[in-house]
Amino acid sequence: MKAGALAMILTVAATAGLNAAQKDDNVMTKMADGSYVVNTTTLAKDVKGYRSTTPLKITIKKDKVEKVEALRNQETPKYFVRVKREMIKAWDGLKVSKALKAKPDGVTGATMSSDAVKENVKRGLEYYKKHK
């Protein structure tokens, strides 16, 4: 009887551990304040800007985009600084459903980087909607 009970406890514990591992994919983290942070590094590893990938960190709270931040990338700094300054804030304050439909203007001279950022935001927000 004890062996059977122990086996059942171990099975339940293993299943719980498996479920936790499936949720812990390093893409989205729920913070103590209830906000979610989505990291697009693995979500959009196939999305290239001018030189390389353009991963983002998207913070969402109460179903609104609080902030989009560029993570380390290999884009041309001279142009990407303009993307960060002129475009990346376009999603701030928007409800996720509206942010998914947003079509902010790209930055002249940084078209490929701008397009990559837009795709990263789209994938990050879609991931959030599906997994929150």
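The values are calculated or read from the model by the stated rules, or taken from the named source; none is laboratory data. Note that the structure is a prediction, hence the values are computed from the model and not measured. Every residue, glycine as well, gets a Cβ built from its backbone with ideal geometry; the counts of neighbours run over all protein chains shown. Please note that ligands, DNA and RNA were not included when accessible areas were found on the heavy atoms of the full protein model with its side chains. Shrake-Rupley method; radii C 1.70, N 1.55, O 1.52, S 1.80 Å.
Per-structure values
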| read-out | value |
| --- | --- |
| Apportionment of accessible area to carbon and sulfur, region 36-75, percent (1.4 Å) | 43 percent |
| Theoretical FRET efficiency, 1/(1+(r/R0)^6), r = Cβ-Cβ of LYS45 and SER97, R0 35 Å, to 0.05 | 0.85 |
| Centroid-to-centroid separation of region 41-60 and region 86-132 [C-alpha atoms, Å] | 11 Å |
| Long-range HN-HN contacts of THR76 with modeled amide H, under 5 Å | ARG51 |
| ASP46, ASP105, ranked by accessible area, largest first (probe 1.4 Å) | ASP105, ASP46 |
| From phi via Karplus (6.51, -1.76, 1.60), per-residue ³J(HN,Hα) for region 59-68 in Hz, x at Gly/Pro | 9, 10, 9, 6, 6, 10, 6, 7, 6, 10 |
| ³J(HN,Hα) computed for each position of region 79-93 - Karplus, 6.51 cos²θ - 1.76 cosθ + 1.60, integer Hz, glycine/proline x | 8, 5, 4, 5, 4, 5, 6, 9, 10, 5, 7, 4, 8, 4, x |
| Accessible-area composition of region 84-132, carbon plus sulfur, in percent [1.4 Å probe] | 49 percent |
| Label-point gap, in nm, between THR29 and ASP105 - each point 7 angstrom along Cα→Cβ | 3.6 nm |
| For THR54, distant residues with modelled amide H under 5 Å away | GLY49 |
| Residue-normalised accessible area of region 48-132, expressed per residue, 1.4 Å probe, Å² | 60 Å² |
| Label-to-label distance, nm, for residues given as LYS78 and GLU126 (7 Å Cα→Cβ offset) | 3.4 nm |
| Under the Karplus curve 6.51 cos²θ - 1.76 cosθ + 1.60, θ = phi - 60°, whole-Hz ³J(HN,Hα) for region 118-132, x wherever Gly or Pro sits | 4, 5, 4, 4, 4, 5, x, 5, 5, 4, 4, 4, 7, 10, 5 |
| Accessible area (Å², 1.4 Å probe, nearest 10) - GLU86 | 100 Å² |
| Listed residue (ALA110, GLY93, PHE80) projecting farthest to the positive dipole end of region 77-118, Cβ model | GLY93 |
| Packing-based ranking, highest mean first, of 50-57, 112-119 given that Cβ atoms within 10 Å are counted | 112-119, 50-57 |
